[in-house]
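Okay, so here's the structure we're looking at.
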Amino acid sequence: VTFATLALLAALSGRSAGQQSPLGYAIDLNDRADDSFKVTAWVGGLTDANAVYQFAATAPGTYQVMDIGRYVRSFEAFDAAGRSVPVEQVSVNQWKLSDPGRVRTLRYAISETWDTPVDRHQVYLMCGTSIERDHVLINPHAVIGYPTGMQARPIRLRVAYPAAWKVGTALGRDRSGAYVAEDFDRLVDSPILLGRLTEAQTRVTGVPVQIYTYSRTG
């Protein structure tokens with residue numbers, strides 16, 4: 001059974017009556033070649049109103065242009081049988097699906113922002129992404145997009161990574177191990193640091209606080 005299949009089954013099992021079906025995403029960090037994130041998204045039930053897949057032009061609190069679409073290296077759409085559905089890039093941050101009703105899966109590769117040269121609008125480091133041998137930084141707005149009209153959908157995110165790594169994030173997890181967010185805004189407000197991390201815990205006015213850091217020397 002492939003990682004993608006497991007993630008899809010987990011996304012489907014998380015649905016309950018009366019709820020909007022979540023958007024399911026998977027990021028494979030076991031494959032860190034080319035300093036790019038390999039992302040799979042499951043987006044069944046699209047209509048013409050959801051025909052454009054949107055990447056972030058900016059992000060809350062930064063007051064700067066990011067144009068995350070500049071970092072996309074490949075973008076493909078597939079139907080339920082695995083057949084390709086034509087896709088067209090229509091702006092810096094938007095990819096249009098030619099037949100959204102057929103699309104079930106999206107696959108794309110997107111470069112990290114730290115080490116990818118751009119002519120202007122360099123992404124603020126702490127709001128960007130980094131892929132290294134022993135750690136990865138994910139600010140979700142720099143990796144994950146969404147079909148237009150679906151920004152408020154719940155999100156389930158599965159991340160594959162080396163077994164020895166720790167993960168630091170404010171996102172909760174469900175019983176299957178997927179990270180969950182009530183909508184896209186909650187997701188992008190929750191950075192994820194993974195790798196050979198040091199962890200500390202404390203309480204502030206009774207509230208538990210977890211701190212994760214990475215250092216080359218440990």
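Taking the range 97-122 as the search range and keeping residues that are out of contact with any helix residue (DSSP H, G or I) (no Cβ under 7 Å at 6 or more places or on another chain) and acidic (Asp, Glu), which one is surrounded by the most Cβ atoms within 10 Å (Cβ to Cβ)? It would help to see each step written out before you state the result.
If we filter the range 97-122 for residues that are out of contact with any helix residue (DSSP H, G or I) (no Cβ under 7 Å at 6 or more places or on another chain), which is where we start, we get 97-99, 101-109, 117, 119-122.
Right, trim to acidic (Asp, Glu) and you get 99, 119.
Working: ASP99: 14, ASP119: 6.
Selected residue: ASP99.
So, of the residues in the range 4-51 that are at pLDDT 95 or above and over 17 Å from the mean Cα position of the chain (by Cα), which turns out to be farthest from GLY82 (Cα to Cα)? Per the stated criteria, the residue is ALA49.
Of the strands (runs of 3 or more DSSP E) entirely within the range 46-108, those holding at least 2 residues that are over 25 Å from SER190 (Cα atoms) occupy 72-78, 87-91, 94-97.
Return the only residue of ILE155, ILE131, ILE138 being open to solvent by less than 30 Å² (accessible area, probe 1.4 Å) and out of contact with any strand residue (DSSP E or B) (no Cβ under 6 Å at 6 or more places or on another chain).
Working: ILE155 fails: out of contact with any strand residue (DSSP E or B) (no Cβ under 6 Å at 6 or more places or on another chain); ILE138 fails: out of contact with any strand residue (DSSP E or B) (no Cβ under 6 Å at 6 or more places or on another chain).
Only one candidate qualifies: ILE131.
Residue under question is VAL1, and the condition is that it be at pLDDT 50 or above and either farther than 18 Å from ALA152 by Cβ or buried (at least 19 other Cβ atoms within 10 Å of the Cβ) (or both); does it hold? Against the criterion (at pLDDT 50 or above and either farther than 18 Å from ALA152 by Cβ or buried (at least 19 other Cβ atoms within 10 Å of the Cβ) (or both)), VAL1 does not qualify. Screening PRO60 against (1) closer than 18 Å to TRP114 by Cα; (2) within 18 Å of the chain's Cα centre (by Cα) leaves a single unmet condition, (1).
Take the range 28-48 and flag every residue that is surrounded by fewer than 17 Cβ atoms within 10 Å (Cβ to Cβ) and among the aliphatic types (A, V, I, L, M). ALA33 - this is the single residue of the range 28-48 that is surrounded by fewer than 17 Cβ atoms within 10 Å (Cβ to Cβ) and among the aliphatic types (A, V, I, L, M).
For the range 58-96, the tally of residues that are surrounded by 14 or more Cβ atoms within 10 Å (Cβ to Cβ) and among the small types (Gly, Ala, Ser) stands at 3. Pairing residues of the range 45-64 that are among the small types (Gly, Ala, Ser) with residues that are part of a strand (DSSP E or B), at Cβ distances under 8 Å and at least 6 apart in sequence or on separate chains, gives ALA51/LYS96; ALA51/LEU97; ALA51/PRO147. Close Cβ contacts (under 8 Å, 6 or more residues apart or on different chains) running from residues in the range 124-135 that are within 15 Å of ASP31 (Cα to Cα) to residues that are open to solvent by less than 60 Å² (accessible area, probe 1.4 Å) and of a type in the set (Ser, Thr, Tyr) comprise SER130/THR113; ILE131/SER36.
The values are calculated or read from the model by the stated rules, or taken from the named source; none is laboratory data. As the structure is a computational prediction, the values presented were derived from the model and not from experiment. Glycine also receives a Cβ, built like all others from the backbone with ideal geometry; neighbour counts cover every protein chain displayed. Just so you know, the surface numbers come from the protein's heavy atoms only, side chains and all, with ligands and any DNA or RNA stripped out. Shrake-Rupley method; radii C 1.70, N 1.55, O 1.52, S 1.80 Å.
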